[in-house]
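Read-outs throughout are calculated quantities, based only on the coordinates presented, and are distinct from any laboratory measurement. All of these numbers come straight from a predicted model, not from anything done at the bench. Positions of Cβ are backbone-derived with ideal geometry, glycine not excepted, and every protein chain shown enters the neighbour counts.
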Amino acid sequence: MEHYRGLRLFVTGGSSGIGKAVARLASSWGAHVAIAARGPKRLTAALEEIRNAASDRDQRFAAFPLDVGDREAVHAIAPRVLESLDGLDLLVNDAGISHPGHVLEIPDAVFETTLRTNYLGVVQVTRAFLPHFLAQKSGWIANVSSAAGFVGIYGYTAYSASKFAVAGFSECLRQELRPHGIGVTVVFPADTDTPQLEAENLIKPEETRAIAGTIRPGSPEAVARALLAGVAAGRFRVVPGFMNRVTWYATRLAPGFVRWITDRDVDRVRRAVRGPNARGSG
C-alpha cells in the first residue's frame, strides 16, 4: 500500500499478535517502524522479523522494552522513539492483557493491572506523543479495542470494561483532535489467533467458550490489514471480520436480541454442568 511508504510508525504490543503483524505489514509497504513490548527476548526476535520484511534498505527500525502501564517509562521513551524514526506519523496502541474468569474469582490485582495496561496504557502513550503531533499539525492514532469493547461477554468483567474505556476515549479523542489535523481510528477485533488468546483458553469459563461457539479465530494478519487499510482510508471505526460486523450492527439495532442469544448460550452450559435449574452468574 503506497500510503505507507516512508511513513513513521510506533506500535505498542509489537512483539507478538496483532501488533507484530501491523509492524511487519507496514514494513513490507516501506514504512519506518519502531515497536515496544515488555519481553526483551521476544521483542528482539520480532524486530528481526519486521526488519526482514522491509521493502527498502533505507528504512529505519527500532525496538524498546516498555510496560505501557508505567507512566514515567512511557514519557521517558517517547523522545527516544521520535529520535529513532526522525519523527512520527502513526501511533498504534495495541498493548493489552486479558484474564477471563468469574467476577469474584478474578483477583483485585488483575482488575487493576488490566485497567492500567489496556486503558491507561493507551491514555499515557497517546498523551506522551500528542505534543509532537500537535506541533506538526498532523498524525494519526489507532487504538485497538476489542469486540468485547462494544458488547459485554460473560467472564470478561476486567477485560471488557477496559476495552469499552478505550472505545470511549477514542470517541472523545477524535472530536478533540480533528481541528488539529490529527486523525483517530479505533479497531474492534473479535477473537484473534494470538499468544494472548492461547493463554486465555487455559482459564476461560465454559460459559465464555459457549458464547464464542465454533467461530474460528481470525488471523493477526487480517486484523492488521484491516487496521492499516482503515487508517489509510481515514475511517474512525474498523470492525474486522464479517460475523464481527454482524454482531456490531446487531448490538446497535437489536441489543435485546443479542442479550437473549448470549443468555441462552450461558444457560445451556450451566444446565449441562450444574443441573437443570442453574441460571444466572457466579
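Details
- With the gyration tensor restricted to C-alpha atoms of the chain, the semi-axes of the equivalent ellipsoid amount to 34, 19, 18 Å, longest first.
- Taking 0.890 mPa s as the viscosity and 25 °C as the temperature, the Stokes-Einstein diffusion coefficient of the range 48-171 based on its alpha-carbon Kirkwood radius rounds to 154 µm²/s.
- About the Cα centre, charge dipole magnitude for the range 195-243 (Lys/Arg +1, Asp/Glu -1 at Cβ), debye: 280 debye
- Helix runs (DSSP H) in the chain reaching 15 Å along axis by Cα, Kyte-Doolittle at least 0.5: 17-28, 121-136, 220-233
- Projecting label points 7 angstrom from Cα along Cα→Cβ for ARG80 and LEU134 puts them 2.5 nm apart.
- Spacing of the two label points (7 Å from each Cα toward its C-beta) at ASP263 and ARG57, in nm: 6.5 nm
- Under 17 Å from the Cα of LYS41 - aspartates and glutamates, other chains or at least 8 residues apart: GLU49, ASP67
- Around the Cα centre of the range 109-248, unit charges on the Cβ atoms of Lys, Arg, Asp and Glu (plus for the first two, minus for the last two) sum to a dipole of about 560 debye.
- Scattering curve values for the range 28-121, log₁₀ I(q)/I(0), Debye with Cα scatterers, q = 0.10, 0.19 Å⁻¹: -0.34, -0.95
- The chain - charge dipole about Cα centre, Lys and Arg +1 at Cβ, Asp and Glu -1, debye rounded to 20: 560 debye
- Set of aspartates and glutamates with alpha-carbon distance to LYS163 below 13 Å, sequence-local pairs under 8 removed: ASP94, GLU171
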